[in-house]
1. Starting from the Cα coordinates of region 214-338, work out the convex hull volume and express it per residue in Å³.
2. In what order do 233, 60 fall by count of nearby beta-carbon atoms within 10 Å, going from fewest to most?
3. To the nearest 20 Debye, how big is the dipole of the chain about its Cα centre, given +1 on the beta carbon of each Lys and Arg and -1 on that of each Asp and Glu?
4. Which value in deg cm²/dmol, rounded to the nearest 500, describes the helix-derived mean residue ellipticity at 222 nm for the chain, given -39,500 (n - 2.57) per DSSP H run of n ≥ 4 and division by the residue count?
5. Once you place label points 7 Å from the Cα toward the Cβ at residue 83 and residue 341, how far apart are they in nm?
6. Provide the FRET efficiency to the nearest 0.05 for the residue 41-residue 120 pair, computing r from the beta carbons and using R0 = 22 Å.
7. Taking just the alpha carbons, could you work out the radius of gyration and Dmax for the chain, both in angstroms?
8. Expressed as cubic angstrom per residue, what is the convex hull volume of the alpha carbon set of region 606-730?
Amino acid sequence: MPDLLIELFSEEIPARMQTRAGEDLKKRITDGLVEGGLTYAGAAAFTTPRRLTLTVQGLLGESPTVREERKGPKVGAPDKAIEGFLRGAGLTRDQLEERDTPKGTVYFASIEKPGRPAADIIAEVLETTIRNFPWPKSMRWGGGALRWVRPLHSILCILTDEAGAEVVPMEIDGIKTGDSTEGHRFMAPGRFSVTSFEDYEAQLKRAHVVLSPTERADHVWADAQNMAFAAGLEVVDDKGLLGEVAGLVEWPVVLMGEIGAEFLDLPPEVLQTSMKEHQKFFSVKDPKTGRIERFITVANRETADNGATILAGNQKVLSARLADAKFFWENDLRVAKSDMSAWTDALKNVTFHNKLGTQAERIDRIAALARELASVTGADADQAEKAARLAKADLSSEMVYEFPELQGLMGRYYIEAAGEDAAVAAVAQEHYSPLGPSDDVPTAPLSVTVALADKLDTLTGFWAIDEKPTGSKDPFALRRAALGVIRLMLEANLRCQLHDYQSNQLKRCNESIGSASAKIAKEAAKVFKEKTGGGVSMGFAGSITVSSLVDGRQVDSRSIDLLSFIHDRLKVFLRDEGIRHDIIDACIAMEGNDDLTLLVKRARALNEVLATEDGENLVQGFKRANNILTQAEEKDGVEYSYGADPKFAETDGEKALFAALDAGQAKIAPALEAEDFPAAMAAMAELRAPVDAFFEDVQVNTDNDVLRRNRLNLLSQIRAICSSVADLTRIEG
């Protein structure tokens, strides 16, 4: 069984596209081979800056012969129907077979498709793959119609078996397949032939090309660590940069250079970001002080001077970059130490969203909400408002304009430089967190307060203008914001009724919407007047707020819809804990479901009880009682909720249930009052045995009307007691 080797050799492929390109090449080729009838034992793709390579092992030498039987029209059918069937089958009428079936005599065609040589199938699949390759961006060159990410120079395509290697013949836009490739552009120019994947990989390495991106990355990291260790330093870990650098070189040569002394006092994050973004350098720090002192760069060739010229050039370019960063840093510090209001005032001219006003208006909303939330988080209200007003000031700074990824972090430096409390400064960096399910959650009360206010404002704002996520589309990252609210509240064990805060924030958003709409109307009127020379009167009617009654209080209906969205994210979040969605639904149905901490405490306790045999069986007993009771109430047109009388109990099981319900109620009610849900759920689970015994002993719908009504009222007690813990009707199964 032959092995297949394909190499598509081109000009440099952008590093960010290489991994996906390798995966696409493997999938498209192997899928095409299988569709053509060629199975294989294994396949692997490799990428370098100048080549996409695929090796397929254990390929069939030819596709198998396929026999197919097709049922045609009835004998005696119109000639046109028979001729159409013959054309589809590629046969003549004398090749058809007549068979008797329950529906009469029918024509059948036996079609045999002979196998094809592997080379023919490979050539077709490879051409289709190249012509339709899904590059994010591609180009044409010369006079050809072929599109590729960069000009494609050669195609290597060989089949190798015991007899040797054979070129798979194919030509696409003047490029013919062959059995040769090129080595390193500078260190081993010129072409050479290969006979197998093993020979190909070995010859490439001799020609100063490391084929595997993983091997290149491992080599870079090992050499970088060794160099740093020898100098008493350590490399700042950056897996993303490591993968990118491995895609920039075919023969990695690691070099360590020095940073100018005048830049060493810049914040380490500034040095690291500048070197990474502009130069693709790794940062090397002193583990004792955390200060960035050197850099690691990766060259694509060995040189006679061991990289001295390369390092000198890199250091010269780096100095120019860091001089800019130093200029930004010093300018920003001057502003921060004098008056940061210059930055906050500048945000009045920065639009957050055309329907929600400016960044300054958004900050006003966040500050107002942070003041309200301070009583929940335990933060000082004045400090919370101040922190909220300063948290986004660095968006106007020169450093953040140059490096947006440093927002928040630079704010912390600047706020501290302005002489503010460290806790207030920390808010600038921490209020953006958490950004995802694995991101750290802030713990300081001030940071929690502003982070929560920031995310709730995002959610209420976009709910106010009806810009909600749809399907997989979530352009404003509202699912992430909802998850942030959940994690902040749960990890800080915060207790509050979200409806109150969401409704208040929705009112503030309405004001911003009105302001933004009035501004748009004014600008539209100005444009209209300029174009027509006439006057126009335009106004804004304002938002209509609809409220609903929830748990005895009026709540903005948009807040109800938003809470449902947050509940959906909560289900996803708790799924990782093994808590089923129906368990959460059973708890959401209870009063106070806008208190997420309370809701999750209830759900976790219910989940633990339902994991036991008693809990599971009690749910079945509850559902049986609820079904009998519901049917009886519908039939009789009355509600059985007036209390059963023990004096009408006839059997031991019936009497035992009366006693168990009284004892259970005595335990459950105070446990719920104290929010001790594990105790309440455990007391509920203890009802399993007496409920089971009751149904074994007693016929509820007896002919005796007095006994029937009493027993139905007893079932009502079961329903009431169990429903006080959670809505068990929502439990599946």
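Derivation of every value follows stated rules applied to the coordinates shown; laboratory data play no part. Not measured: the values here are computed from a predicted model. Don't worry about glycine lacking a Cβ; one is built from the backbone with ideal geometry, like all the others, and counts go over all protein chains shown.
1. Roughly 103 Å³ of hull volume per residue.
2. 60, 233
3. Once rounded to the nearest 20, the dipole reads 2340 debye.
4. When only DSSP H runs of four or more count, the value is -16500 deg cm²/dmol.
5. Once both label points are built, they end up 9.3 nm from each other.
6. 0.60
7. According to the Cα coordinates of the chain, Rg and Dmax are 36.6, 107 Å.
8. Spread over its residues, the Cα hull of region 606-730 gives 96 Å³ apiece.
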